[in-house]
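Here is the structure we will look at, set down as structure tokens.
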Amino acid sequence: MSQSTRPRAESRSERISNEDVRVQLEGRAEVLESARARVAALESALRGRSWKRKLCARSSLVAEWLQHAEAVAEAQERTARRAEVEGWPDDLPLLKTARELEIRKRKLTTLVRERLAPMVSVSGPAVLNEELRRLEELVRRPAPRSPEPGEVLLYQTEKMLKATPRQLAAWVVSLLGAFGGMVALLFALLGHGPWTTGVPTTLLVMSLLVLLFRSGRVWLTSERLLWAPTFGEALSVPLESVPFGGVWLESALTLRVEGTPRVKVPFLSDSRYVATLVALHSQPPLRGLARSGVKLADAVVYPAELQEGVERRPGWAVLRPGGVSFVPEGTGRQVLSTVLGRETSLPAEPGWVLDQLRWMSATEFDAWVARLVSVSGGTSWSAWDGVRRGEEPLWKQLRLMKGNQVLVGQVEWSAQAASERVFSFWPKSSPQTER
């Protein structure tokens, strides 16, 4: 029977025309042709350096593609099945359209993945419609160049003229390192020695120019990390989009955050500190607590040194109505890992972590401080346990003594009033020396 029907199928395929196929597909031919035009337009918009601007300018491209995606997939499947079953000739114009559409879809899928990968974390096989929708959301999401009203500010970079000497020194050193090699290579290519009189001047000029037009400003709020470069678009990374381990230092002054979108902040002198804060406020137990805008007032965290005989242990002290605790220096990673509940490699300072715990309630704060003192090998003194306070004024030095141990530190001027308030809770019978 197959031998008798085969010639009829072949003769029919010879006689079938493109118009016959269009009629048989009941409108699916028009669906394929429209899809080919749309995929070509999308591919064109996503190519070139100004692809974001072009995609935003043609706002309906993605919406129209996604709107007709199911119909296009169904038309492709039906066309391919009927062509195989009915033996349509390969040179039919409609089949050429179907093949071109499939090729362009594959190219578009690859292109969308290339555009999306630098912005967010992607893995596994590329899925065109899902990733195209995600890409458009990222491109069209407006990123403010300053925090929104109602957000609680956790950190902000200072403007150039207000930068501290340490920050300026860090920027200059980083820039000299970045440009020194390029300038030396340039002079070598020109046949000059590496230490000609023009080199220091050139390095200085280039450093000053980049300092004036550096990466911009960084804000960390209760909701997001915001980076507004001097030139280019701002990037806003919601803290809830940052996974555990999604914060790291690419170099001493370069911060990377694996959120949605990804962000790389260069020339950030406080990169270690900002990385620690992002890691803390993007994960439990601190995630979302800063939205209250209320930090524990009766807790003062300050740098201190624990002295006992000739032994000196630098670290951080926590002054509370119930007493004082000490966490030694060099335990920052251990302290941060304990709070986050998982191991982290961020080079944190214990004091940074302790201070951020002040967003918790008093009960939670004291429990965490006790735990961190234990894991770090620190110590705690109760205010009711014979602790004496030295005679020095707070603005000069805070000296606390218990037996042959002495805890010496200096409280910032902004924390003087809070420190005095904490001491007002200490027992009057405690042998404090009157000032």
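One table, with the values for the structure above:
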{"quantity": "Sequence of 281, 68 once ranked by neighbouring C-beta atoms within 10 Å, starting from the fewest", "calculated": "68, 281"}
{"quantity": "Which of 292, 222, 414 has the fewest Cβ neighbours within 10 Å, and the rest in rising order", "calculated": "414, 292, 222"}
{"quantity": "Net length gained if the chain between residue 231 and residue 244 were fully extended (0.36 nm per residue, minus Cα distance)", "calculated": "1.7 nm"}
{"quantity": "Nearest-0.05 FRET efficiency for residue 153 and residue 385, computed from C-beta distance (R0 30 Å)", "calculated": "0.20"}
{"quantity": "Cα-based Rg and Dmax for segment 2-140, where Dmax is the largest Cα-Cα distance (Å)", "calculated": "18.3, 61"}
{"quantity": "Coil-residue GluC sites (Glu not before Pro) of segment 58-106, DSSP, other Cβ within 10 Å capped at 13", "calculated": "none"}
{"quantity": "Modelled FRET efficiency - R0 35 Å, residue 90 with residue 53, Cβ distances, 0.05 increments", "calculated": "0.30"}
{"quantity": "Tensor-based shape of segment 290-422 (alpha-carbon gyration tensor, a/c under 1.5 rounded, otherwise prolate or oblate)", "calculated": "oblate"}
{"quantity": "Where labels lie 7 Å past Cα in the beta-carbon direction, separation of residue 82 and residue 70 in nm", "calculated": "2.1"}
{"quantity": "Amide H partners (placed H, <5 Å) of residue 360, local residues excluded", "calculated": "296"}
{"quantity": "Lys, Arg +1 and Asp, Glu -1 on Cβ, resulting dipole of segment 2-140 about Cα centre, debye, nearest 20", "calculated": "700"}
{"quantity": "Percentage relative contact order, segment 294-423, counting C-alpha pairs under 8 Å, at least six apart", "calculated": "30"}
{"quantity": "Listed residues 330, 348, 315: farthest to the positive end of the dipole of segment 289-365 (Cβ charges)", "calculated": "348"}
{"quantity": "Residue 137 versus residue 312: modelled label distance in nm, points set 7 Å from Cα along the beta carbon direction", "calculated": "5.5"}
{"quantity": "Computed E for residue 395/residue 361 - FRET, C-beta separation, R0 30 angstrom, nearest 0.05", "calculated": "0.50"}
{"quantity": "Candidate lysines - alpha carbon under 22 Å from residue 96, same-chain residues fewer than 8 apart omitted", "calculated": "105, 107"}
{"quantity": "Alpha carbon centroid spacing (whole Å) that separates segment 66-143 from segment 257-330", "calculated": "48"}
{"quantity": "Only Lys, Arg (+1) and Asp, Glu (-1) charged, at Cβ; segment 294-423 dipole about Cα centre in debye", "calculated": "80"}
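Throughout, read-outs are computed from the coordinates displayed, never taken from laboratory work. Not measured: the values here are computed from a predicted model. In this analysis, Cβ positions are derived from the backbone assuming ideal geometry, glycine residues included, and neighbour counts consider all displayed protein chains.
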